[in-house]
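Taking it in order: structure first as structure tokens, then the write-up.
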Amino acid sequence: MSMRKRSKPGLKRLRQTVATARIAACAIVAATSLCAAAMADPGVQFKDQQGRDITLKKPAERVVTIPIPAASTFIAIDGKTDRLVGMHERSKTAIMDGILGKIFPKAKDIPSDIVGKGFAPNVEAILAVRPDLVFQWANLGDEVVKPMTNAGLTVATFNYGTEELSQGWISIMGTVLGRPEKAKALIDWHNAERAVLEKKMAGLPKNKKPRVLFFLRVLSELRVAGDGTYNDFYIGLAGGRNAAKEVTKFKVVNAEQVVAWNPDVILLTAHEHKSRPEDVYNNPVFAGLSAVKNKRVYKVPLGGYRWDPPSQESPLMWKWLTKVVHPGMLKDDLRAEMVEKYRFIYGHDLTDDEIDSILLLGINKAQANYSQFARK
Amino acid sequence: MSAATETPDRIGAGARLPRYALWGGAVAVLAVCAAYSLGVGRYPISFERVYGILVSHLVPIDTFWSVSDQRVVELIRAPRVLLAVLAGTGLAVAGATLQGVFRNPLVGPQIIGVSSGAAFGGALAILLFSGTSAILGLAVAFGLAAIALVYWMSRIAGRNPVLMLVLSGVVVSAFFAALIALIKYVADPDDKLPAIVFWLMGSFATATFEKLALVAPPIVVASLLLFAMRFRINVLSLGDEEAEGLGVRVEASRWFAILCVTVITASVVAAAGIVGWVGLVVPHLARMVVGPDHRLLIPASALVGGVYLLVIDDVARVATASEIPLGVITALIGAPVFAILLRKTQGSGWKHD
């Protein structure tokens with residue numbers, strides 16, 4: 001009941017605001033006789049990832065993000081959190097648990113009750129924060145979009161899973177927030193790093209490419225990243241071969257299959273909080289694996305967003321992985337580069353302790369070649 | 001539903017000397033299937049090596065296999081094969097018993113709420129603790145709680161205890177299903193939820209000898225108890241009045257049988273999640289071969305169940321690089337087979353009023 005009481009005036013207020021804005025706009029236009037020029041001003045226009053044309057009168061001042069990684073992309077583009085007025089509960093926990101929570105402590109006050117456990121929007125709560133734009137998933141059907149558009153909200157949708165789509169997020173966020181130059185700089189950086197690595201690995205013979213296996217789950221089930229995943233993409237970029245190439249997408253396999261693949265390097269996702277390299281080492285079934293014998297099981301770092309899915313920080317992940325898969329091949333200093341990029345993306349100067357915690361030096365310390373990431 | 005009037009004759013017919021050759025043959029089939037299963041898998045090992053590894057435990061022979069070969073056979077395949085046989089055997093015995101004491105071919109461990117209760121207990125254990133013993137403990141506890149609820153409800157009223165029991169089972173199942181949904185709702189989506197979902201779906205992929213050692217004793221003991229009361233189950237399947245007339249304490253015997261079934265089902269659920277349809281389908285297959293006499297039906301169901309689940313699990317783990325969910329195969333095979341059996345056996349083994 002209280003929700004309804006609160007939000008109805010909210011809706012009314014929104015409509016009033018819109019109406020007032022229209023009247024005001026017209027009045028100004030009429031008064032200054034710049035009607036023609038104003039009509040020609042297209043405002044902010046872009047296509048979302050379902051190809052729909054979205055128009056905003058001006059760069060958004062109040063944005064709600066429903067896809068979990070979108071909140072951190074938003075912060076990366078805007079360099080602050082003031083214009084983010086609502087996000088998924090799990091975006092918030094990811095931010096508050098990680099480095100972003102320290103850089104942007106005000107993020108903890110941003111409402112996160114705007115969606116339920118899944119991605120079904122709580123339309124009344126979203127109306128209450130009066131957003132100019134809501135970002136939502138594209139692949140979950142109309143059911144999670146329609147209730148919002150019906151209520152008069154502007155919704156743009158995102159897809160997920162490839163570098164291209166991720167760059168699309170960055171580009172759209174740049175447009176929406178009126179910061180296209182920042183978005184472009186980020187994308188240029190991604191493309192430049194990608195080109196460098198692709199060139200470097202092009203001549204690498206197959207037998208020089210270690211077999212890399214990416215575990216999305218290792219404690220409850222053995223879920224691996226197969227062909228066609230983003231993980232597969234950057235394993236290739238880092239000069240490795242995906243050991244799970246014969247399955248597609250994310251699949252559950254049995255231990256015997258892992259033994260048959262015999263990976264040289266094993267990666268554990270940061271999504272599974274509790275998994276550690278020891279979980280692989282201590283499983284007697286895996287004792288014969290090349291990755292186990294050579295202590296090459298690593299937990300993937302956790303930066304402004306988890307490094308294993310695509311994000312604004314992905315080039316750092318590619319470099320980290322290249323250094324893990326081919327120690328000594330890249331001469332760059334990853335720690336120095338992280339400092340530089342965090343300053344560029346978030347306007348924050350990373351301390352040595354923060355870098356240690358992002359690279360999970362505590363967990364990964366004992367793994368082969370990880371001393372290359374230790375502070376000098 | 002009434003007892004088929006020809007049942008006493010059938011018992012007479014079935015009471016002939018057991019055909020030892022036939023039983024020996026059936027046991028041999030199970031043994032051959034198990035031996036074959038040890039030799040197949042995603043990791044290529046020749047049969048020669050597999051049996052070399054097995055034989056090396058009995059007589060000392062030179063190793064001609066790699067350490068990895070040995071690990072795969074001893075640590076992955078052996079416990080998994082044994083667990084599949086054990087679960088299939090147990091569930092089939094449980095199903096045959098239930099169908100007998102309720103004189104209803106539609107009854108299985110899932111119908112009377114035991115599976116849901118046990119599944120809730122297991123999910124709760126994953127949420128709160130970790131480790132198989134917690135899962136086993138809570139699965140059995142809530143399996144028993146479910147059956148206690150069913151018992152309490154079915155005794156309230158009604159002239160048809162079987163109908164009341166099945167209806168109570170449906171109610172209790174629905175209740176625990178809602179609680180499972182609630183647990184999934186509150187579980188940490190990065191950590192606990194995938195574990196719960198994976199476990200509920202049913203799989204032998206995580207079989208280890210420790211797990212086997214934990215769940216084998218309750219399954220074996222409860223199955224043997226049911227085998228020991230096979231004649232009593234025969235009498236119960238005649239109907240309550242006849243059974244009482246023959247001097248059997250109907251209520252006590254029925255509930256003791258249900259208790260054993262609960263222990264078996266909850267143990268299987270603890271080890272491998274919900275493996276549906278086995279307890280429902282396998283007794284029908286066995287009944288087609290040996291008839292409705294539980295003195296034959298219970299051991300026959302055990303053997304058929306062991307082979308059945310073993311073969312299905314072989315498909316689940318070997319057919320593709322990724323694991324096929326066990327429950328998908330058991331349901332895809334089980335539902336049509338059950339439908340056909342139901343039509344065929346209608347009016348022969350079982351009758352409806």
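The values are calculated or read from the model by the stated rules, or taken from the named source; none is laboratory data. None of the values given here were measured: they were computed from a predicted structure. Positions of Cβ are backbone-derived with ideal geometry, glycine not excepted, and every protein chain shown enters the neighbour counts.
Here's the yes/no breakdown for (1) surrounded by fewer than 21 Cβ atoms within 10 Å (Cβ to Cβ); (2) small (G, A, S); (3) away from chain A (no Cβ under 14 Å):
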site: B:I147; (1), (2), (3): no, no, yes
site: B:L167; (1), (2), (3): yes, no, yes
site: B:A177; (1), (2), (3): yes, yes, yes
site: B:A187; (1), (2), (3): yes, yes, no
site: B:D190; (1), (2), (3): yes, no, no
site: B:E210; (1), (2), (3): yes, no, no
site: B:L214; (1), (2), (3): yes, no, yes
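Kindly list the number of the only condition in (1) away from chain A (no Cβ under 14 Å); (2) buried (at least 17 other Cβ atoms within 10 Å of the Cβ); (3) farther than 27 Å from B:A26 by Cβ that fails for B:E242.
Of the numbered conditions (1) away from chain A (no Cβ under 14 Å); (2) buried (at least 17 other Cβ atoms within 10 Å of the Cβ); (3) farther than 27 Å from B:A26 by Cβ, the odd one out for B:E242 is (2).
Output the residues belonging to region A:204-260 that are among the charged types (D, E, K, R), away from every other protein chain (no Cβ under 11 Å) and in a helix (DSSP H, G or I).
A:K206, A:K208, A:D232
Please tell me if B:A252 is closer than 20 Å to B:L144 by Cβ and part of a helix (DSSP H, G or I). Break it down into steps so the answer makes sense when it comes.
Numbers: closer than 20 Å to B:L144 by Cβ: yes; part of a helix (DSSP H, G or I): yes.
In short, yes.
Does B:R49 satisfy the criteria of being touching a residue at least 60 places away in the same chain (Cβ under 8 Å) and either under 24 Å from B:V311 (Cβ atoms) or more than 14 Å from every other protein chain (Cβ to nearest Cβ) (or both)?
Details: touching a residue at least 60 places away in the same chain (Cβ under 8 Å): no; either under 24 Å from B:V311 (Cβ atoms) or more than 14 Å from every other protein chain (Cβ to nearest Cβ) (or both): yes.
Spelling it out, it is not the case that B:R49 is touching a residue at least 60 places away in the same chain (Cβ under 8 Å) and either under 24 Å from B:V311 (Cβ atoms) or more than 14 Å from every other protein chain (Cβ to nearest Cβ) (or both).
Residue-by-condition table, conditions (1) within 14 Å of chain B (Cβ to nearest Cβ); (2) surrounded by fewer than 21 Cβ atoms within 10 Å (Cβ to Cβ):
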{"residue": "A:D279", "(1), (2)": "yes, yes"}
{"residue": "A:L302", "(1), (2)": "yes, no"}
{"residue": "A:Y305", "(1), (2)": "yes, no"}
{"residue": "A:L316", "(1), (2)": "no, no"}
{"residue": "A:H326", "(1), (2)": "no, yes"}
{"residue": "A:D332", "(1), (2)": "no, yes"}
{"residue": "A:E340", "(1), (2)": "no, yes"}
{"residue": "A:I355", "(1), (2)": "no, no"}
{"residue": "A:L361", "(1), (2)": "no, yes"}
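Out of the residues in region A:125-143 that are modelled with pLDDT under 90 and not in a loop (DSSP other than H, G, I, E, B), which is surrounded by the fewest Cβ atoms within 10 Å (Cβ to Cβ)?
A:D142
Counting just the residues of region B:293-315 that are within 14 Å of another protein chain (Cβ to nearest Cβ) and surrounded by fewer than 24 Cβ atoms within 10 Å (Cβ to Cβ), which one comes out nearest to B:G88 (Cα to Cα)?
B:D314
How do the pairs read when you match residues in region B:53-77 that are within 14 Å of another protein chain (Cβ to nearest Cβ) and of a type in the set (F, W, Y) with residues anywhere that are outside any loop (DSSP other than H, G, I, E, B) and crowded, with 17+ Cβ neighbours inside 10 Å, using Cβ under 7 Å and keeping only pairs 6 or more apart or on different chains?
B:W65/B:R49; B:W65/B:G52; B:W65/B:I53
Of all the residues that make up region A:329-354, how many are within 23 Å of A:A192 (Cα to Cα), assigned to a helix (DSSP H, G or I) and under 21 Å from the mean Cα position of the chain (by Cα)?
12
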